[in-house]
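Let me begin by presenting the structure, written as structure tokens, before commenting on it.
Each reported figure results from applying straightforward, stated rules to the coordinates on display, with no laboratory input. Being a predicted model, the structure only gives us computed values, none of them experimental. Positions of Cβ are generated from backbone atoms using ideal geometry, with glycine treated the same way; all protein chains shown enter the neighbour counts.
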Amino acid sequence: MIESILFWGLALAAVSSALCVVVLRNPVNCVMALLAAMLATAGLYALMGATVLALFQIIVYIGAVLVLFLFVVMLLDLKGPAAGIPRSAAAVAVSAAAVGLTAGMAWFGWKAMNLSIPADPGGGLRPEAGVAEIALELFSRHLLVFELTSVLLLAAAVGAVLVTRKEKEPS
Amino acid sequence: MTTMDFLLGLIRILLIFSVIMGLVAYMTLMERRFLGFFQLRLGPNRVGPGGLFQPIADGIKLFFKEDMTVSHANRVWFLLAPAIALTSVLACFAVVPASATIVVADMPVAVLYLLAFSSMGVYGILLAGWSSNNKYSLLGGLRAAAQMISYEIPLALSIVGVLILSGSMSLVEIVKAQEGLWFIVKQPLGFVLFLICISAETNRTPFDLLECENELVAGYQTEYSSMKFGLFYMAEYAHILLASCLVSLFFLGGWNGPLLPAPLWLPIKVFFVFALFVWVRATFPRVRYDQLMTLSWKVLLPLAFLNLMATAVLTVYLT
């Protein structure tokens, strides 16, 4: 009884706040609507018994990603429409690199799929899997993808520093 | 879950909530009296015997102050920001045990839960700064966000050593693993890192740059008045209470201790950790903003990694 009330409440909240992200005009409201959507989704995961997944959803998306979204939106103080896509040699090079990197990751992923991984015992993890089970799965079967993702994130961090770095440091 | 369990859970939540709110009110008095002691003055001692009714007087005063909203504030977020700040801290107390049995919810992943909900407090501060439509508030809010994100990383890493030693993420299990020997002995570096990071997370002096009054008036709370302002203060003190509880639970053995019964040990430890926080506040000057960032990224983070690796390698070798 309580579970179904919670489910319908959370599902309604998730869908309506996701709609708000698209519909609302003020970018800060959009970010906060996205936060509500993430929170409702985390609640749905928790209701399924996937507590670890729900908490990681909150830590990663709400605790880190959306704070930075909000940070940027507040600093920019967006008024007009977004600027067009820049067309420079650097933009082309970056896009090519991104496409190449994605293709490389896809290729490695495909290779990893074809490797002789021991048969999956029960069709993936149960939703109730604890931290230890998820960690074992992550660092054995999905190690390659995990490492590739971390390389991608590192590349993104280096790229962000390069893009925002000013050529001449004001003294 | 039966209805009876549900009701019992609600009663437990209400009980622990009221205890926390009472403690938060009296922590303000304790802090002011301690600061008075450190600065060779008396502190508030006029209301009631020894100033004991001062928090009640403060509460009444806050309720009867005029509740103002600046004219170009974003009203929705201006109203919601203090509520977000307080609820995110109070939610954390759900997994904080007062003893092996007195706890709202003993989750097997309590540490993750704490990290998840304490990281949401930054939204209250960011939104308060932004919605006030005041450049000092906005700067305070942005500083807070940058500071809290930067210190969350060494904070989380400094707990991992404790998690490796106890082999569990449940706070009750972590305290049980410290029977006999407290983790402060095995994790001295982790303890120091955790103490520094958590006092930065609670935005206390020497890390209170977000309300640095000589630059930013009062930072994100400049435009707040009446009980909305009071909610921010409650959030801050609840956060300090949470920090003191966590230091005691992770490193000081929680309710373990000789002679005295278990439910007495945790309050004693929490009291001393809180006194330490006040002592630090009374002693150190505020750091500069670039020093704050340098400390987090270039000192604390490498040390936290070092601590983590050393703990992991030693644990593997010794078992």
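For peptide A:60-69, the mean count of partner chain Cβ atoms within 10 Å of a residue's Cβ comes to 4.
Applied to the stretch A:12-19, the Karplus parametrisation 6.51 cos²θ - 1.76 cosθ + 1.60 on θ = phi - 60° returns per-residue 3J(HN,Hα) values of 4, 4, 4, 5, 5, 6, 5, 4 Hz, with x for Gly and Pro.
Give the peptides B:80-90, B:268-278 in descending order of average Cβ contacts within 10 Å, highest first.
On the way: B:80-90: 21.9, B:268-278: 18.6.
Order by mean packing, descending: B:80-90, B:268-278.
Using the alpha-carbon positions of the stretch B:131-251, Rg (one decimal) and Dmax (whole number) come out as 17.1, 54 Å.
How would you rank B:Cys245, A:Cys20, going from fewest to most other Cβ atoms within 10 Å of each one's own Cβ? Each step should come with its number before you reach the end.
Values: B:Cys245 24, A:Cys20 16.
Taking fewest neighbouring Cβ atoms as first place, the list is A:Cys20, B:Cys245.
Ranking B:Ser170, B:Leu314, B:Thr283 by how far each Cα lies toward the positive end of the dipole of the stretch B:59-318 (charges on Cβ) leaves B:Thr283 at the top. Using the average count of surrounding beta-carbon atoms within 10 Å as a protection proxy, the listed peptides A:65-75, B:192-202 rank, highest first, as B:192-202, A:65-75.
Averaged across the residues of B:117-129, what count of C-beta atoms belonging to other chains lies within 10 Å of each residue's C-beta? Each step should come with its number before you reach the end.
Values: counts 5, 1, 7, 8, 1, 5, 8, 0, 0, 6, 5, 0, 1.
For peptide B:117-129, the averaged partner shielding equals 4.
Determine, for B:His72, B:His239, A:His142, the number of other Cβ atoms within 10 Å of each Cβ, and report the residues in order from fewest to most. Display every interim value, and only then the final one.
Values: B:His72 10, B:His239 24, A:His142 14.
With the fewest neighbours first, B:His72, B:His239, A:His142 line up as B:His72, A:His142, B:His239.
Pairs of Cα atoms under 8 Å, at least six residues apart: use those to get the relative contact order of the stretch A:1-84, whole percent. Result for the stretch A:1-84 is 27 percent.
At each listed q (0.14 Å⁻¹), what is the log10 of I(q)/I(0) that the Debye formula gives for the protein assembly as shown modelled as equal alpha-carbon point scatterers? Ignoring solvent entirely, the Cα scatterers give -1.77. Projecting the Cα atoms of B:Leu181, B:Ala81, B:Val111 onto the dipole axis of the protein assembly as shown, where Lys and Arg carry +1 and Asp and Glu carry -1 at the beta carbon, places B:Ala81 farthest toward the positive end.
So which helices of chain B fit the span-like rule, where a helix is a whole DSSP H run, its Cα atoms reach 18 Å or more along the axis, and its mean Kyte-Doolittle is at least 1.0? If you can, show how the numbers build up before the last one.
Numbers: long enough: B:3-38 (51 Å, 1.53); B:75-92 (27 Å, 1.78); B:135-166 (46 Å, 1.19); B:188-201 (20 Å, 2.01); B:226-251 (38 Å, 1.33); B:262-283 (32 Å, 1.60); B:301-318 (25 Å, 1.86).
Flagged H segments are B:3-38, B:75-92, B:135-166, B:188-201, B:226-251, B:262-283, B:301-318.
Can you give the average number of partner chain beta-carbon atoms within 10 Å of each beta-carbon in peptide B:70-80, as a whole number?
1
With the convex hull constructed from alpha-carbon coordinates only, the stretch B:59-318 shows a mean projected area of 14.6 nm² over all directions. Within the shell defined by Cβ-Cβ distances under 10 Å, the residues around B:Ser225 carry a net charge of -1, with Lys and Arg each +1 and Asp and Glu each -1. Which number gives the lysine pairs in the protein assembly as shown that have C-alpha atoms under 21 Å apart and are eight or more places apart or on different chains? Step by step, the pairs that qualify in the protein assembly as shown add up to 7. Between the C-alpha center of the stretch A:40-77 and that of the stretch B:95-157 there is a gap of 13 Å.
Considering only the other residues whose Cβ falls under 13 Å of the Cβ of B:Leu193, what net charge follows from Lys and Arg at +1 and Asp and Glu at -1?
Net charge in that neighbourhood comes out at -2.
With neighbours defined as other Cβ atoms within 10 Å of a residue's Cβ, the residues B:Val316, A:Val94 order from fewest to most as B:Val316, A:Val94.
With +1 on each Lys and Arg Cβ and -1 on each Asp and Glu Cβ, how big is the dipole of chain B about its Cα centre, in debye rounded to the nearest 20?
On the way: 19 positive and 17 negative charges, 104 e Å.
That gives a dipole near 500 debye.
Taking the Cα centre of the stretch B:104-208 as origin and charging only Cβ (+1 Lys, Arg; -1 Asp, Glu), how large is the dipole, in debye to the nearest 20?
280 debye
Per residue, the average separation of C-alpha pairs within less than 8 Å and at least 6 apart gives chain B a relative contact order of 22 percent.
Are there trypsin sites (Lys or Arg not before Pro) in the stretch B:1-55 that DSSP marks as loop and that have at most 16 other Cβ atoms within 10 Å, and which are they? Don't jump to the answer; show the numbers that get you there.
Values: sites: B:Arg12, B:Arg32, B:Arg33, B:Arg41, B:Arg46; in loops: B:Arg41, B:Arg46.
In loop regions of the stretch B:1-55 (DSSP not H, G, I, E or B), the sparsely surrounded trypsin sites (Lys or Arg not before Pro) are B:Arg41, B:Arg46.
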